[in-house]
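Heads up, the thing below is written out as structure tokens.
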Amino acid sequence: MTISSKERNILRDLAKQVAEIAADPHQDRTRRLWNKVNRLERTRPLILLHDATQHETGEKVQRACENDAAWYIEHPLRHEIYHWEHMRDDYIWEGVFHVRIPIHHEGYGIEAKWTRPDQVFGASHIDGVLKGDEDPHLIPMPTVTVDWDEAARQFEFISDVLGDILRVEKRGIDGYWYATLDDFIAWRGIEQTFLDMFERPEWLHGWLDRMCQFNLSLLDQYEKLGVLSLNNTGQCIGSGGIGYTDKLPADGFDPSRVRLKDQWGHATTQIFSEVSPAMQEEFALKYEKRFLERFGLSNYGCCEPLDLKVDLILKNIPNCRKLSMSPKANIARGAEALGKRAIFSWKPNPAWLGMPTWDVDWQRQQLQDAFEKTTGCVVEVIMKDLHTVRGEVNRMWEWVNMAVKLAEQYA
């Protein structure tokens, strides 16, 4: 892992810009707000835009370093700077460069098959590989391996380049996406999985239990191997907002050995958008609660509407602190059901930013309507899953500026 002196200078200049951003008073102010929200204290709604249109953001995120080792460092630094310069939402710029510890396991061992369209964002068809009589023990229990030598090599390399400017940290497992039914349908198919809930529920339960055991085994091994990292810092939790909280880590914390109960967890069953509460509990929550109970706090949901299932989820997931309200959720109904028992993690429709005509006043009306309906809630707003802004990247900037200013009226 070697880079040229020219690339080294480029990286160090970028790091100095990130360090200046991290020292701005904005960061401490925003940390305090996220701590309040995650304590379930009412503040103004907090705003995040997850920039998923990097192919449209122009020269600021184009690489200047030819060497792949240098680009590995350059890429995140440029995005941090671009975000700060153009979209001053409630993200937190930490001044930390994370070195990912290489952690591996075999996976479920089942390969999904898809028929995909030519259009990059088009719908794909699942070509089911499970026929309905397979033994769930086709899934082997995982064995986790850690390449500590490679982690040390990367850490030493990046520390040499940036360590006197930014804090360089080794980073292990700090995020989760427990979505076993969403995974299962990639092997079985959507329609057939729904039929299985009626026609062969025990067979389906066998698979879901095996997948749950697989994931619980991963958690046990991660904890035993010492590869967990705290996530009560400036990162987003699952599909939700930033995890800053003084409720974690848990009592008895040892900084040298992070435990699962010191972390946030996350689970979702997006494919169950139209499934009844009873089936949500039987086929999803039954297993999700076994996973999420291992954590100190949890976030639940993503793109599925959950406004009719609030009580059911909170009953099964008592440590749920963030509950997703997707674009398909009824905002008023969800707000009335939730109150301040968990964070109303609202996901506005990302298609708003990709419409043929850009109208920021119309956007403001949609947000204001939602804010009026959620005055009795603790609210975070996550604009995510953007596929296009029609090349007009200013739409993202204007949306963020408008949303933050409007949110200040609802403190």
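Laboratory data are not the source of any read-out in this text; all were calculated from the coordinates shown. Treat the numbers as computed from the prediction; the structure is a model and nothing was measured. We place every Cβ from the backbone using ideal geometry, glycine too, and count neighbours over all the protein chains shown.
Spin-label pair Ala332-Phe253: with each label point 7 Å from Cα along the Cα-Cβ axis, the two points sit 4.2 nm from one another.
Computed over the chain with a Gaussian network model linking Cα atoms closer than 10 Å, the most mobile of Lys261, Lys131, Lys347 is Lys131. Placing a label point 7 Å from the Cα of Gln366 along the Cα-to-Cβ direction, the residues of the stretch 392-411 whose backbone N falls under 20 Å of that point are 392-410. Shape class for the stretch 61-157, computed from the alpha carbon gyration tensor (a ≥ b ≥ c): oblate, with a/c not under 1.5 and a/b at or below b/c.
Figure legend: label point modelled 7 angstrom from the Cα of Glu150 along Cα→Cβ; residues of the stretch 82-102 with amide N under 13 Å from it are 100-102. Computed over the stretch 137-295, the quotient of the alpha carbon radius of gyration and 2.2 N^0.38 Å is 1.24.
When the C-alpha to C-alpha distance is required to be over 22 Å, the pairs from Lys36/Lys170; Lys261/Lys286; Lys36/Lys289; Lys36/Lys328 that qualify are Lys36/Lys170; Lys36/Lys289; Lys36/Lys328. Report summary: the helix-based calculation at 222 nm, which adds -39500 (n - 2.57) for every DSSP H run with n ≥ 4 and divides by the residues of the chain, gives -12500 deg cm²/dmol.
Estimated at 0.36 nm per residue, the fully extended path between Lys16 and His387 surpasses their Cα-Cα distance by 130.5 nm.
When the Gaussian network model of the chain links Cα atoms closer than 10 Å, the mean-square fluctuations of Thr357, Thr57, Thr143 top out at Thr357.
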